[in-house]
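S.K.: Have a look at this one.
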Amino acid sequence: MLIKKAADIRSSEITPKSLYLNRRKFLANAALAGAAAAMGVGVKEVISPSTTAFAGNKIEGLKKSPFSTSETVTPYKDVTHYNNYYEFGTEKTDPAEEAKDFRPRPWTVKIDGLVEKKQDLDIDSIIKMAPAEERIYRHRCVEAWSIVVPWIGFSLSELIKRVNPTSKAQYIEFTTLLDPARMPGQRRQVLDWPYKEGLRMDEAMNPLALLCFGMYGEELPNQDGAPLRIVLPWKYGFKSAKAIVRIHFTDKQPLNTWNVMAPNEYGFYANVNPNVDHPRWSQAKERRLGEFFKRPTLMFNAYGDQVASMYNGMDLKKNY
Amino acid sequence: MHRYFKPVVFLACLAPVGRLVWLGLHSGLGANPIEFITHSTGDWTLTFLLVTLSISPLRRLTRQYWLISFRRMLGLFAFFYGCLHLMTWVWLDKFFDVHEMLHDVAKRRFITAGMTAFALMIPLALTSTKWAIRKLGRRWQPLHRLIYFSAAAGVIHYIWLVKADLKKPLEYAVVLGILLSYRAVTWVIGRQARATRVREQEGRAFVR
């Protein structure tokens, strides 16, 4: 794998125009178009140019993955301008703005706890651990919207295998960077910083669990969790911790930030489940960004073949 | 002068919906246009409710008594944005699924609160005509105090729906708190003044 400086093709050009045009069709369906017609205003056919500062560095030599979906990929602009990343503000549009000057280098990840090879790993040595794959995953937020993203990374198990967890290690805990100077959202106690997430060891070892450092052919943009995050497509988005600085192996079930914040609303498992409602809204349907009608949410976000067996015999209404 | 001023204010009140149409035509509603419209119309409903509630205090404090002639229009705009907000939910979120909507109203307390806020605005909008004001006479004002409860339910609706960041709903709550306490204070002062007046009269009667 080779990481090259960006030069010629930008992601905005890779994203098929048809996707942007879909948005237009979508709007034409909405009442607004009617209002427009009444006012005699034509829908502008010019595609608005993207203004993002791109993460830039292209990642080449990507392997394809059998886990990839063939569903339509969500436009890059949406995935980079509609983010739940409270470290950079609580509005969806905040992270694109507030993370602009964030520098994800130098960066080390502390590996500790019940593991033989405790160490501080440099981000660039992590990226080189295994061949990078492109994995096009469905991503379902607990707020009932979803996207399809071509992530780049490799199975989290690749890293775990290399650091030799002891036999006592049953859980794994991820910690996001705590640095209010670089993460302005942390200057307010909206959540109990730093953000923490956790997995059971078998979940972490599941090949679907992705250690992720890129998307759309490039390194991760800051607002999507640069330089290192996890992606767990069968779980609600908040499980997929961003900007990870510590991976801790433990024998106790870790606390996860949203669970601490509102235990009756966000569980430890947080598996996508259309049959278990969030107390304040239904999880039966979701809105795929760019689509007008909602679509039904599928159990485990339709990754049941890979993950359902891990939860055999568990009451998923209790372990939400 | 105010006669020419009124159409200007009317158009200004339409600006938020005009902005939505304009943004919609220029791909400006972001990645989730329906959410954008829902939030925007909800924000403006609350804003217009609070602006309507601020007319009376403002009028008395600044002695600009003509302000009262704008109160009905502003209140009706609150209702207008409330209707848009509700329609966004009924149409674009629930797609007229009555069963699902009833389920939500009963089960999700933030929707119960929002529905209450909206329902309380309906009688106010219906009795806003000159004819209704005349017909209701002295009962009109007590009826229109329902706006206090509508605005409170609206703010509670907002507080109950946010995930973690209470900053924005609490801003509305603070403004509403100030506007309602102003009324409570003037009510108490008014009552005391009345009581004093009565006592003075009684005193005078005694002397006489």
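S.K.: Only one residue in A:ASP8, A:ASP94, A:ASP101, A:ASP112 is modelled with pLDDT under 50 and either touching a helix residue (DSSP H, G or I) at 6+ places or on another chain (Cβ under 7 Å) or surrounded by fewer than 19 Cβ atoms within 10 Å (Cβ to Cβ) (or both). Which one? Walk me through how you get there before you give the answer.
M.R.: Working: A:ASP94 fails: modelled with pLDDT under 50; A:ASP101 fails: modelled with pLDDT under 50; A:ASP112 fails: modelled with pLDDT under 50.
Matching residue, one of A:ASP8, A:ASP94, A:ASP101, A:ASP112: A:ASP8.
S.K.: Out of (1) closer than 27 Å to A:PHE88 by Cβ; (2) at pLDDT below 95, what's the single condition that is false for A:LYS294?
M.R.: So the condition that A:LYS294 fails would be (1).
S.K.: Taking the criterion of being part of a loop (DSSP other than H, G, I, E, B) and either closer than 21 Å to B:LEU120 by Cβ or not polar (S, T, N, Q) (or both), would at least one residue in segment B:9-24 satisfy it?
M.R.: Among the residues of segment B:9-24, not one is part of a loop (DSSP other than H, G, I, E, B) and either closer than 21 Å to B:LEU120 by Cβ or not polar (S, T, N, Q) (or both), which makes the answer no.
S.K.: Moving on. For segment A:98-142, how many residues are closer than 30 Å to A:LEU298 by Cβ and of a type in the set (Phe, Trp, Tyr)?
M.R.: 1
S.K.: Kindly evaluate A:PHE88 against the criterion of being under 19 Å from the mean Cα position of the chain (by Cα) and surrounded by fewer than 18 Cβ atoms within 10 Å (Cβ to Cβ). I'd like the intermediate steps shown before the answer.
M.R.: Values: under 19 Å from the mean Cα position of the chain (by Cα): yes; surrounded by fewer than 18 Cβ atoms within 10 Å (Cβ to Cβ): no.
When the stated conditions are applied, A:PHE88 does not pass them.
S.K.: Working only within segment B:74-98, note down all residues that are more than 14 Å from chain A (Cβ to nearest Cβ) and surrounded by fewer than 16 Cβ atoms within 10 Å (Cβ to Cβ).
M.R.: Within segment B:74-98, just B:VAL98 meets the criteria.
S.K.: Filter segment B:25-55 for residues that are among the polar types (S, T, N, Q) and either in a helix (DSSP H, G or I) or away from chain A (no Cβ under 14 Å) (or both) and give the result.
M.R.: Within segment B:25-55, B:THR38, B:SER40, B:THR41, B:THR45, B:THR47, B:THR52, B:SER54 qualify.
S.K.: Just to be sure I understand the filter: pairs with C-beta atoms under 8 Å, separated by 6 or more residues or on different chains, first member in segment B:1-17 and among the basic types (Lys, Arg), second member at pLDDT 95 or above. Which pairs pass?
M.R.: Filtered contacts from segment B:1-17: B:LYS6/B:MET73.
S.K.: Take the residues in segment B:123-155 that are of a type outside the set (Gly, Ala, Ser) and touching a residue at least 24 places away in the same chain (Cβ under 8 Å), then tell me which one is surrounded by the fewest Cβ atoms within 10 Å (Cβ to Cβ).
M.R.: Out of the qualifying residues, it is B:PHE149.
S.K.: Please determine whether any residue of segment B:82-89 is out of contact with any Ser or Thr (no Cβ under 6 Å at 6 or more places or on another chain), aliphatic (A, V, I, L, M) and modelled with pLDDT of 95 or more.
M.R.: Scanning segment B:82-89 turns up at least one residue that is out of contact with any Ser or Thr (no Cβ under 6 Å at 6 or more places or on another chain), aliphatic (A, V, I, L, M) and modelled with pLDDT of 95 or more.
S.K.: Considering only segment A:246-284, state which residues are assigned to a helix (DSSP H, G or I) and not polar (S, T, N, Q).
M.R.: A:TRP258, A:VAL260, A:MET261
S.K.: Inspect all residues belonging to segment A:199-219 and state whether any of them is in a loop (DSSP other than H, G, I, E, B), within 14 Å of chain B (Cβ to nearest Cβ) and of a type outside the set (A, V, I, L, M).
M.R.: No.
S.K.: What residue, of A:LYS117, A:LYS128, is within 26 Å of A:GLN170 (Cβ to Cβ), exposed (fewer than 15 other Cβ atoms within 10 Å of the Cβ) and more than 19 Å from the chain's Cα centre (by Cα)?
M.R.: Residue meeting the stated conditions: A:LYS117.
S.K.: Among the residues of segment A:179-194, are any under 30 Å from A:ALA284 (Cα atoms), surrounded by 22 or more Cβ atoms within 10 Å (Cβ to Cβ) and modelled with pLDDT of 95 or more?
M.R.: As a first pass, look at segment A:179-194 and keep what is under 30 Å from A:ALA284 (Cα atoms): A:190-192.
Next, from what is left, pick out any that are surrounded by 22 or more Cβ atoms within 10 Å (Cβ to Cβ): none.
No, that holds for no residue.
S.K.: For the list (1) within 13 Å of another protein chain (Cβ to nearest Cβ); (2) modelled with pLDDT of 95 or more; (3) assigned to a loop (DSSP other than H, G, I, E, B), I need the number of the one condition that A:LYS44 fails.
M.R.: (2)
S.K.: Would you pick out the residues in segment B:71-97 that are in contact (Cβ under 8 Å) with a residue 40 or more places away in the chain and of a type in the set (Val, Ile, Thr)?
M.R.: Residue satisfying the conditions is B:THR88 alone.
S.K.: Sort out for me the strands (runs of 3 or more DSSP E) sitting completely within segment A:78-162 that have 2 or more residues that are more than 14 Å from chain B (Cβ to nearest Cβ) and without any contact (Cβ under 8 Å) to a residue 24 or more places away in the chain.
M.R.: Values: elements: A:108-113, A:119-122, A:133-140, A:145-155.
Strands (runs of 3 or more DSSP E) meeting the threshold: A:119-122.
S.K.: On to the next question. Give me a count of the residues in segment B:99-113 that are touching a helix residue (DSSP H, G or I) at 6+ places or on another chain (Cβ under 9 Å) and either more than 22 Å from B:VAL162 (Cβ to Cβ) or within 12 Å of chain A (Cβ to nearest Cβ) (or both). Full working, then the answer.
M.R.: Going residue by residue through segment B:99-113, those that are touching a helix residue (DSSP H, G or I) at 6+ places or on another chain (Cβ under 9 Å) are B:101, B:104-106, B:108-113.
Restricting the remaining residues to those that are either more than 22 Å from B:VAL162 (Cβ to Cβ) or within 12 Å of chain A (Cβ to nearest Cβ) (or both) gives B:101, B:104, B:108-113.
Result for segment B:99-113: 8.
The values are calculated or read from the model by the stated rules, or taken from the named source; none is laboratory data. From a predicted model like this one, the values you see are computed outputs, not experimental measurements. Virtual Cβ from ideal backbone geometry, glycine too; neighbours counted across all protein chains shown.
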